[in-house]
Structure formats: structure tokens, C-alpha cells
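J.: Sharing a structure below in C-alpha cells format, with a few things to ask.
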Amino acid sequence: MKEFVIEAQKIEPMHRHSYIFESFDNLEGGDSLVIVNNHDPLPLLRQFGESRPNQFVDEYLEKGPNVWKLRLTKKKKEGCCGFCE
């Protein structure tokens, strides 16, 4: 299982969410993204819940006041051994 860190504040705002979604979509089941930001990424988390329901597990690793870290772990498909697409 791999974990990738994205420092969101370093990505141009107009491309930030699309970059994070694309990065998530490229993960294998069981892999994670850790999103580091200077504010609570709750709007992003809500978007994930709407567009990719039941595809991830979220966990706050740090909750401000200056740094937030949110881990999104991609779930493996039901019955998947981890090697299928």
C-alpha cells in the first residue's frame, strides 16, 4: 500500500480539486492520498462524498489551526484481491 502527499496550497486554485480527484482516480485499491492544506478541506471532502460515494475512507490526521492533513484511502473493489482494475 502506498501513500502519496499532496500539498494543496502549492497547486493553482483553479486546478487544485481536479488535480486531487485525478490523483485519487489513479490510485490502486488500498493506496492513500494525504492532502495537506492551510484550511479545513471539508468542501473537497463533501465533493468526494458526492462524486465517489463508498469509494474511500477519510481520516483527519491533523486539524489546524494552521495545517490540516486529510487522508483519503481508496477502497478495494468488493471481492478484489487488489490486482484488478
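J.: Can you show me the helix-derived [θ] at 222 nm for the chain, built from DSSP H runs with n ≥ 4 at -39,500 (n - 2.57) apiece and divided by the number of residues, rounded to the nearest 500. Show your work: numbers first, answer last.
T.: Values: 2 runs with 23 residues, N = 85.
Computed mean residue ellipticity for the chain: -8500 deg cm²/dmol.
J.: Let me ask another. Run through the DSSP bridge list for the chain and note the antiparallel percent, rounded to the nearest 5. Please report the intermediate quantities before stating the final value.
T.: Numbers: 13 of 18 bridges.
Taking every DSSP beta bridge with both residues in the chain, the antiparallel ones total about 70 percent.
J.: Taking the beta-carbon count within 10 Å as an exposure proxy, list Arg52, Arg46 from fewest neighbours to most. The partial results should precede the final answer.
T.: Numbers: Arg52 15, Arg46 10.
Taking fewest neighbouring Cβ atoms as first place, the list is Arg46, Arg52.
J.: R0 = 30 Å: FRET efficiency of Glu50 with Glu3, Cβ-based, nearest 0.05?
T.: Values: r = 24 Å, r/R0 = 0.80.
Plugging the Cβ-Cβ distance into 1/(1 + (r/R0)^6) gives 0.80.
J.: Follow-up question, since we're still on this one. Just grab the label-to-label distance for Asp58 and Phe21, each label 7 Å out from Cα along the Cβ direction, in nm (one decimal).
T.: Using points 7 Å along Cα→Cβ, the separation is 1.5 nm.
J.: Would you please put 65-76, 9-20 in order of how densely packed they are, using the mean number of other Cβ atoms within 10 angstrom per residue and starting with the highest?
T.: Values: 65-76: 16.2, 9-20: 12.1.
So the peptides 65-76, 9-20, ranked by packing, come out 65-76, 9-20.
J.: Next question. If each residue of separation counts as 0.36 nm, what is the full-extension length gain between Leu42 and Lys10 once their alpha-carbon separation is subtracted? Kindly include the intermediate steps, with their values, before the conclusion.
T.: Numbers: separation 32, 0.36 × 32 = 11.52 nm, distance 1.78 nm.
Result: 9.7 nm gained on full extension.
J.: Expressed in nm², what is the orientationally averaged projection area of the convex hull enclosing the Cα positions of the chain? List each step's numbers first, then the result.
T.: Working: hull surface 21.7 nm².
Taking the Cα atoms of the chain, their convex hull projects to 5.4 nm² on average.
Every read-out reported here was derived from the displayed coordinates using simple, explicitly stated rules and does not represent laboratory data. Every value quoted in this text rests on a predicted model; they were computed, and no experiment measured them. With ideal geometry, Cβ positions are generated from the backbone for all residues, glycine too; neighbour counts draw on all protein chains shown.
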